[in-house]
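Laboratory data are not the source of any read-out in this text; all were calculated from the coordinates shown. All of these numbers come straight from a predicted model, not from anything done at the bench. FYI the Cβ positions are ideal-geometry reconstructions off the backbone, even for glycines, and counts take in every protein chain you see.
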């Protein structure tokens, strides 16, 4: 079993706290040394307490699903003999009320656009199967209750 970690840090500094007007900007530290600014989404906590130039958990959730699908897709395509030249996705996550009435990411739609080398691209059915296999293999989508769909783009 593998373990994955990150460290998050936030400091109040001299800003007031009890009035709920403190900055939600914080720092994500990853094991390879990468550091990223995080914040609440301005859709959840209004500006200026949120930071639009930082990653919010909802964006990270959507990107994580997309990244996992991308990595599995590349591996499966290579094993099937297809040479991928470019893979681009513009995923969209939808926040809404779930069946229990709680706010949740209720749907994520992946919209990958894949370009194959001139040596040959899969047929439409084969491409759909590659995406189906990637989705079925993705650790992240297998870990969440959110409905995750994939809509490959031409």
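Tabulated values for the structure
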{"item": "Two-site label geometry, residue 67 and residue 43: point separation in nm, points 7 Å out along Cα→Cβ", "result": "2.0"}
{"item": "0 to 90° range, to nearest 10: angle between helix 124-137 axis and the chain longest Cα axis", "result": "40"}
{"item": "Peptides 84-90, 145-151 ordered by average Cβ neighbours within 10 Å, highest first", "result": "145-151, 84-90"}
{"item": "Taking the C-alpha atoms of the chain, convex hull volume expressed per residue in Å³", "result": "161"}
{"item": "Residues of region 135-154 with amide N under 20 Å of the 7 Å Cα→Cβ point at residue 128", "result": "135-138, 148-154"}
{"item": "Cα long-axis angle, helix 57-79 against the chain (0 to 90 degrees, to the nearest 10)", "result": "20"}
{"item": "Extension gain from residue 84 to residue 102, taking 0.36 nm per residue of separation minus the Cα-Cα distance", "result": "2.5 nm"}
{"item": "Gap separating the Cα centres of region 63-83 and region 44-62, nearest whole Å", "result": "28"}
{"item": "Potential lengthening between residue 15 and residue 136 on full extension [0.36 nm per residue; Cα-Cα distance subtracted]", "result": "38.9 nm"}
